[in-house]
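Structure first, then comments.
The values are calculated or read from the model by the stated rules, or taken from the named source; none is laboratory data. Because the structure is predicted, anything quoted here is derived from the model rather than measured. Using ideal geometry, Cβ is built from the backbone for each residue, glycine included, and neighbour counts are taken over all protein chains shown.
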Amino acid sequence: MAPFFRLASIAASLVSATMIAQNHASAIPAPILTPQSTTSELAKTNDAADAHLQYVDKREYGVITSCKVPGTVAMTFDDGPYKFTNQLLDQLKDAGVKATFFVNGHNIGDIYQYDWVVKRAYNEGHQIASHTWSHADLTRLSYNQIHRQMVQLDNAIESIIGVKPVYMRPPFGYLNGVAQRYLRDKGYKIVKWRVDTNDWAHPSNIDASLVAYKHSGGSGFIALEHDTLESTVNDLVPRAIQYAKNRGWELVTVGECLGVHQDDWYR
């Protein structure tokens, strides 16, 4: 690749990463992880986040972070759809793997602008799930405000693929009692993750993102990435897929890794 185009590619990833980082403004900055990072360092990251978010309800009953089907791994992508999502679908198709997309209505991209990408993902067997309309921190919203965030996105998704998602991921992973009560009342399945690549924090350092897979302790995990980052789509995903395949792990949707039939992913 010519130097100019390589620099343009890096710049595009940095712009997307900056936008994601701005979305995470209420969270503590994630540390830079390297291939030499230890499991204890990864644990310290989570501990620091917990200490920072003292207002978040820790009693997260029924929150999904891991798979139930042996030998499976669920790659998940947040914050799309965006201009790199279609390219990601090409890669997943070529590799013969499925993934889950936790989409927003209006965030870095707009779901109506990329409705054809959402439809393609759904038609190719990937799972479409909710990440709220505008990537709102649910812990700062009332019950009715959460309702508006969820319903607006549900209606948009239904207008595109004909069904509404049952599975959702709270932005930033933040939950409190009000959010959990609303989501339980409305029958949503809440999904977080066990492996966080922190790809948004260091988009130019793919090794630092891949280390999360290497420290996973084996299959059975749900991994968090962002399809809004060109570096994730071009560099991290191919390496993560190859890493998983080399270990005999099956890359599937969240629903599949839980052993849930596709009909029950939606309503």
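Of all residues in the range 82-117, those satisfying the criterion of being within 19 Å of TYR243 (Cα to Cα) and not in a helix (DSSP H, G or I) are GLY96, VAL97, LYS98, ALA99, THR100. Scanning the range 105-138 for residues that are small (Gly, Ala, Ser), surrounded by 21 or more Cβ atoms within 10 Å (Cβ to Cβ) and under 23 Å from VAL260 (Cβ atoms) yields ALA121, ALA129, SER130. For the range 234-267, a residue qualifies if it is in a helix (DSSP H, G or I), farther than 21 Å from ILE160 by Cβ and among the aliphatic types (A, V, I, L, M), and the qualifying residues are LEU236, VAL237, ALA240, ILE241, ALA244. For the range 139-159, taking the residues that are surrounded by fewer than 20 Cβ atoms within 10 Å (Cβ to Cβ) and hydrophobic (A, V, I, L, M, F, W, C), the one that is farthest from GLY80 (Cα to Cα) is identified as LEU141.
Check the range 188-199 and report whether any residue there is more than 18 Å from PHE102 (Cβ to Cβ) and touching an Asp or Glu at 6+ places or on another chain (Cβ under 7 Å). No, the range 188-199 contains no residue that is more than 18 Å from PHE102 (Cβ to Cβ) and touching an Asp or Glu at 6+ places or on another chain (Cβ under 7 Å).
Across the range 72-104, the qualifying residues are those that are over 17 Å from TYR114 (Cβ atoms) and crowded, with 24+ Cβ neighbours inside 10 Å, and the one among them that is farthest from the chain's Cα centre (by Cα) is VAL73.
Name the residues in the range 172-212 that are assigned to a helix (DSSP H, G or I) and over 19 Å from MET75 (Cβ atoms), would you? Result: PHE172, GLY177, VAL178, ALA179, GLN180, ARG181, TYR182, LEU183, ARG184, ASP185. The combined condition, being more than 20 Å from GLY220 (Cβ to Cβ) and either at pLDDT below 95 or of a type outside the set (Lys, Arg) (or both), is fulfilled by THR85. Restricting attention to the range 132-186, the residues being in contact (Cβ under 8 Å) with a residue 40 or more places away in the chain, under 20 Å from TYR114 (Cβ atoms) and among the acidic types (Asp, Glu) number 0.
Across the range 121-144, the number of residues qualifying as part of a helix (DSSP H, G or I) and within 18 Å of the chain's Cα centre (by Cα) comes to 3.
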